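Everything below concerns the one structure shown next.
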Amino acid sequence: MAGAFITFEGIDGSGKSTQLRMLASELRQRGQQVVATREPGGTPLGTRLREALLDAQEQVDPLAELLLYAADRAQHVRALVRPALESDHIILSDRYADATVAYQGAGRGFPDQLIAEVVALATGGLMPDLTLIFDLTVDESLRRTSRRVRDDQQADRLDAEDAAFHQRVRDAYMRIAAAEPERVKIIDASGAVEETHAEVLKLVMPFLEKHRSGVSL
Ligand code: TMP
């Protein structure tokens, strides 16, 4: 496939969505064809699944939650990500398969083997070319998300999880990065937005150059 698939991950409040928007706009200014998307919610079906998943009012069973994220991903991969990759776009996705490993695996406690099988089924084996994990302490993340809730912006069901849950998620992301250092890079997300953006560019620009020259060989 000729395009490039880059995913953005991190615990809630890590600032990854802002960073994704900034990178998308930078790449477009440089003349690249970019698709900015997210999970859950990258397709019309996904938008409806996202509403159901993040509804703060409803108690969602953990197995139902796992399968709904998988359903969102199956639709996303087949309807949007693969076609965009095949037509040579750079796809920037706010979360993907690593989020299921971190949240449903480490966070909720589903066994690794089950998570691996569900992820493989939903993705059809498509993994990102590059994954950026925006890292932040859980304390700072909770400070940021409680500020967001106070300011009345999108308080969702997972924001309400306790610190131990978010710590398990963060630790899982660190393990993913350690296991796949070529694909997965950690970015310190504790600084100012512009500083973090500079870090993103430092990683992504050389990656794209290398990826593109590899693809055209
Ligand atoms: P967002 O706030 O980054 O858009 O993500 C929405 C929430 O969905 C976030 O709390 C993490 C959660 N999530 C999972 O638990 N598993 C998944 O596979 C994905 C994609 C997201």
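Some points to look at:
- In the chain, helical runs assigned H by DSSP with n ≥ 4 each contribute -39500 (n - 2.57); averaged across all residues and rounded to the nearest 500, the mean residue ellipticity at 222 nm is -16500 deg cm²/dmol.
- Burial ordering of Ser213, Ser141, Ser146, fewest other beta-carbon atoms within 10 Å first: Ser213, Ser146, Ser141
- For the chain, complete DSSP H runs whose alpha carbons reach 27 Å or more along their own long axis and whose mean Kyte-Doolittle score is -1.0 or higher are 193-216.
- This ranking places Met205, Met22 by how few other beta-carbon atoms lie within 10 Å of each, fewest first, which gives Met205, Met22.
- Dipole magnitude of region 4-213 about its Cα centre (Cβ charges: Lys, Arg +1; Asp, Glu -1), debye to nearest 20: 500
- Placed amide H near Gly10: partners under 5 Å, 5+ positions off or other chain: Phe134
- Whole-Hz ³J(HN,Hα) from phi, Karplus 6.51 cos²θ - 1.76 cosθ + 1.60, for region 96-108, glycine and proline x: 6, 4, 4, 5, 5, 4, 6, 7, 7, x, 6, x, 8
- Tail beyond 24 Å, pair distance distribution of region 4-213 (Cα, percent): 39
- Within the same chain, aspartates and glutamates fewer than 8 places from Lys16 are excluded, and of the rest, those with a Cα less than 16 Å from its Cα are Glu26, Glu39, Asp94, Asp98, Asp135, Glu140, Asp159, Asp188, Glu194, Glu195, Glu199.
- Structural descriptor for region 4-213: relative contact order 32 percent, calculated from alpha carbon pairs under 8 angstrom and at least 6 residues apart.
- Per-residue Cβ neighbour rank within 10 angstrom, fewest leading, Thr100, Thr7: Thr100, Thr7
We did not get these values from a lab; they are worked out from the coordinates using the rules stated. In this text, all values refer to a predicted model and were calculated from it rather than measured experimentally. When we count neighbours, we look across all protein chains shown, and the Cβ atoms used for this are built from the backbone with ideal geometry, even at glycine.
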